[in-house]
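Everything on this sheet refers to the single structure shown next.
The values are calculated or read from the model by the stated rules, or taken from the named source; none is laboratory data. Keep in mind that this is a model prediction, so the values were computed, not measured. Here the Cβ positions follow ideal geometry from the backbone for every residue, glycine too, while neighbour counts run over all protein chains shown.
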Amino acid sequence: MGFVRHAAAGSSIDEAFLYLPKNNATAFAAGDCISIDRSANELIAATSSHDNHGADALLGICTITAASTDTHCSVVPFQQNQLWEIGTANNTASTQLLERCVLTDKDTLNNTGTDDTSAKAIFEIVKILGDASDKKVVVRIVSPAGQVTA
(Lines give C-alpha, C1' and ligand atoms only; values in the text may rest on other atoms or scores of the structure.)
Protein backbone atom coordinates (compact mmCIF):
# COMPACT_ATOMS: atom_id res chain seq x y z
CA MET A 1 0.00 0.00 0.00
CA GLY A 2 2.68 2.52 0.98
CA PHE A 3 2.10 5.88 2.64
CA VAL A 4 -0.71 8.20 1.52
CA ARG A 5 -0.94 11.82 2.75
CA HIS A 6 -4.04 12.18 4.93
CA ALA A 7 -6.24 15.30 4.97
CA ALA A 8 -9.68 16.20 6.23
CA ALA A 9 -12.52 15.96 3.71
CA GLY A 10 -12.69 19.03 1.50
CA SER A 11 -9.19 20.24 2.29
CA SER A 12 -6.30 20.23 -0.11
CA ILE A 13 -2.68 19.38 0.49
CA ASP A 14 -0.01 21.48 -1.15
CA GLU A 15 3.32 19.97 -0.17
CA ALA A 16 6.79 21.08 -1.08
CA PHE A 17 8.98 18.26 -2.32
CA LEU A 18 12.68 17.61 -2.79
CA TYR A 19 14.24 16.15 -5.94
CA LEU A 20 17.31 14.25 -4.78
CA PRO A 21 19.81 11.65 -6.08
CA LYS A 22 18.94 8.03 -5.41
CA ASN A 23 20.68 4.67 -5.41
CA ASN A 24 20.81 3.55 -9.04
CA ALA A 25 20.12 -0.08 -8.16
CA THR A 26 16.87 0.65 -6.31
CA ALA A 27 13.39 1.25 -7.70
CA PHE A 28 10.84 3.23 -5.68
CA ALA A 29 7.05 3.38 -5.90
CA ALA A 30 4.93 6.37 -5.00
CA GLY A 31 4.18 6.02 -1.28
CA ASP A 32 7.45 4.32 -0.31
CA CYS A 33 9.16 5.66 2.81
CA ILE A 34 12.61 6.94 1.93
CA SER A 35 15.80 7.31 3.97
CA ILE A 36 19.06 9.11 3.34
CA ASP A 37 22.17 6.96 3.07
CA ARG A 38 24.59 9.52 4.49
CA SER A 39 27.67 7.46 3.61
CA ALA A 40 26.74 7.55 -0.10
CA ASN A 41 24.75 10.82 -0.14
CA GLU A 42 21.76 9.23 -1.85
CA LEU A 43 18.20 8.06 -1.21
CA ILE A 44 17.45 4.47 -0.25
CA ALA A 45 14.34 2.53 0.81
CA ALA A 46 13.60 2.92 4.52
CA THR A 47 13.84 -0.08 6.82
CA SER A 48 13.04 -0.84 10.44
CA SER A 49 16.56 0.15 11.49
CA HIS A 50 16.44 3.74 10.18
CA ASP A 51 15.88 6.72 12.48
CA ASN A 52 16.35 10.48 12.28
CA HIS A 53 19.82 10.55 13.79
CA GLY A 54 21.88 7.72 12.34
CA ALA A 55 23.81 7.12 9.15
CA ASP A 56 20.56 6.12 7.43
CA ALA A 57 18.04 8.80 8.42
CA LEU A 58 14.30 8.75 7.67
CA LEU A 59 13.53 11.54 5.19
CA GLY A 60 9.99 11.31 3.81
CA ILE A 61 7.70 9.74 1.23
CA CYS A 62 8.42 9.15 -2.46
CA THR A 63 5.92 10.96 -4.70
CA ILE A 64 6.70 9.25 -8.01
CA THR A 65 7.55 5.86 -9.43
CA ALA A 66 11.32 5.83 -9.95
CA ALA A 67 12.88 2.98 -11.92
CA SER A 68 16.17 1.42 -10.84
CA THR A 69 17.79 3.21 -13.78
CA ASP A 70 16.54 6.65 -12.65
CA THR A 71 19.11 8.83 -10.92
CA HIS A 72 16.74 11.01 -8.84
CA CYS A 73 13.51 10.76 -6.85
CA SER A 74 10.89 13.27 -5.69
CA VAL A 75 10.23 13.14 -1.92
CA VAL A 76 7.87 14.97 0.44
CA PRO A 77 9.97 15.39 3.61
CA PHE A 78 8.50 14.47 6.98
CA GLN A 79 7.40 17.40 9.12
CA GLN A 80 6.16 17.53 12.69
CA ASN A 81 2.41 16.72 12.96
CA GLN A 82 1.91 15.59 9.33
CA LEU A 83 -0.74 12.90 8.97
CA TRP A 84 -0.15 9.83 6.79
CA GLU A 85 -2.25 6.76 6.04
CA ILE A 86 -0.26 3.52 6.13
CA GLY A 87 -0.78 -0.24 6.16
CA THR A 88 0.24 -2.20 9.27
CA ALA A 89 1.97 -5.51 9.85
CA ASN A 90 -0.61 -6.67 12.38
CA ASN A 91 -4.36 -6.35 12.89
CA THR A 92 -5.24 -2.99 14.40
CA ALA A 93 -6.83 -2.36 17.80
CA SER A 94 -8.11 0.74 19.58
CA THR A 95 -5.54 0.05 22.32
CA GLN A 96 -2.83 0.99 19.78
CA LEU A 97 -4.05 4.60 19.54
CA LEU A 98 -1.35 7.10 20.55
CA GLU A 99 1.35 4.44 20.50
CA ARG A 100 4.57 5.27 18.66
CA CYS A 101 5.74 2.73 16.12
CA VAL A 102 8.65 1.90 13.84
CA LEU A 103 8.57 0.65 10.27
CA THR A 104 8.58 -3.00 9.29
CA ASP A 105 9.80 -1.98 5.83
CA LYS A 106 9.42 0.92 3.40
CA ASP A 107 5.63 0.66 3.22
CA THR A 108 4.45 -1.09 6.39
CA LEU A 109 4.13 0.09 10.00
CA ASN A 110 5.07 -2.32 12.78
CA ASN A 111 2.11 -1.97 15.16
CA THR A 112 3.18 -4.27 17.97
CA GLY A 113 0.72 -3.05 20.59
CA THR A 114 3.55 -1.57 22.67
CA ASP A 115 4.64 2.08 22.70
CA ASP A 116 8.13 2.30 21.18
CA THR A 117 10.27 5.07 22.71
CA SER A 118 13.28 4.60 20.42
CA ALA A 119 14.52 7.26 17.99
CA LYS A 120 13.12 5.09 15.17
CA ALA A 121 9.53 5.50 16.40
CA ILE A 122 8.42 8.74 14.73
CA PHE A 123 4.99 7.37 13.72
CA GLU A 124 2.18 7.80 16.29
CA ILE A 125 -1.12 6.01 15.57
CA VAL A 126 -3.98 8.54 15.76
CA LYS A 127 -6.78 6.76 13.88
CA ILE A 128 -7.77 3.20 12.98
CA LEU A 129 -9.19 2.85 9.46
CA GLY A 130 -11.77 0.14 8.78
CA ASP A 131 -11.87 -3.23 10.50
CA ALA A 132 -8.96 -4.66 12.49
CA SER A 133 -8.16 -7.08 9.65
CA ASP A 134 -7.95 -4.19 7.15
CA LYS A 135 -4.61 -3.32 8.79
CA LYS A 136 -4.73 0.42 8.05
CA VAL A 137 -4.11 3.43 10.28
CA VAL A 138 -3.45 7.16 10.19
CA VAL A 139 -0.19 8.18 11.84
CA ARG A 140 1.10 11.54 13.00
CA ILE A 141 4.77 12.38 12.60
CA VAL A 142 6.07 13.03 16.11
CA SER A 143 9.34 14.36 17.45
CA PRO A 144 12.25 13.12 15.35
CA ALA A 145 13.82 11.81 18.53
CA GLY A 146 10.73 9.71 19.24
CA GLN A 147 11.11 10.58 22.92
CA VAL A 148 8.82 12.14 25.47
CA THR A 149 10.57 14.17 28.13
CA ALA A 150 9.04 15.38 31.36
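Worth a mention:
- Residues that are of a type in the set (A, V, I, L, M) and either buried (at least 20 other Cβ atoms within 10 Å of the Cβ) or not assigned by TED's automatic domain parsing to the domain that holds LEU20 (or both), drawn from the range 58-67: LEU58, LEU59, ILE61, ALA66
Each row is one residue, and each column tells you yes or no for (1) modelled with pLDDT of 90 or more; (2) touching a Leu at 6+ places or on another chain (Cβ under 9 Å); (3) buried (at least 20 other Cβ atoms within 10 Å of the Cβ); (4) more than 15 Å from LYS136 (Cβ to Cβ).
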{"residue": "SER39", "(1), (2), (3), (4)": "no, no, no, yes"}
{"residue": "ASP56", "(1), (2), (3), (4)": "no, no, no, yes"}
{"residue": "THR69", "(1), (2), (3), (4)": "yes, no, no, yes"}
{"residue": "GLU85", "(1), (2), (3), (4)": "yes, yes, no, no"}
{"residue": "SER94", "(1), (2), (3), (4)": "yes, no, no, no"}
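- For ALA121, the conditions (1) of a type in the set (A, V, I, L, M, F, W, C); (2) at pLDDT 95 or above; (3) touching a Cys at 6+ places or on another chain (Cβ under 8 Å) are fulfilled apart from (2).
- Where a residue in the range 83-106 is within 13 Å of LYS120 (Cα to Cα) and its partner, wherever it lies, is among the basic types (Lys, Arg) and assigned to a loop (DSSP other than H, G, I, E, B), with Cβ under 6 Å and at least six apart: VAL102/LYS120
- Filter pass, LYS106 being among the basic types (Lys, Arg), over 20 Å from ARG5 (Cβ atoms) and at pLDDT below 95: no
- Taking the listed residues ALA30, ALA46, the one that is of a type in the set (A, V, I, L, M) and either touching a residue at least 60 places away in the same chain (Cβ under 8 Å) or in the same structural domain as CYS101 (by TED's automatic domain parsing) (or both) is ALA46, with no other qualifying.
- Lone unmet requirement of (1) more than 20 Å from LEU18 (Cα to Cα); (2) surrounded by 15 or more Cβ atoms within 10 Å (Cβ to Cβ); (3) under 16 Å from the mean Cα position of the chain (by Cα) for SER118: (2)
Table: residues versus (1) in the same structural domain as GLY31 (by TED's automatic domain parsing); (2) out of contact with any Gly (no Cβ under 6 Å at 6 or more places or on another chain); (3) among the polar types (S, T, N, Q).
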position: ALA89; (1), (2), (3): no, yes, no
position: THR92; (1), (2), (3): no, yes, yes
position: VAL102; (1), (2), (3): no, yes, no
position: LYS106; (1), (2), (3): no, yes, no
position: LEU109; (1), (2), (3): no, yes, no
position: GLY113; (1), (2), (3): no, yes, no
position: ILE122; (1), (2), (3): no, no, no
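- The combined condition, being in contact with a Cys (Cβ under 9 Å, 6 or more places away or on another chain), in contact (Cβ under 8 Å) with a residue 24 or more places away in the chain and either within 16 Å of VAL137 (Cβ to Cβ) or among the polar types (S, T, N, Q) (or both), is not fulfilled by THR112.
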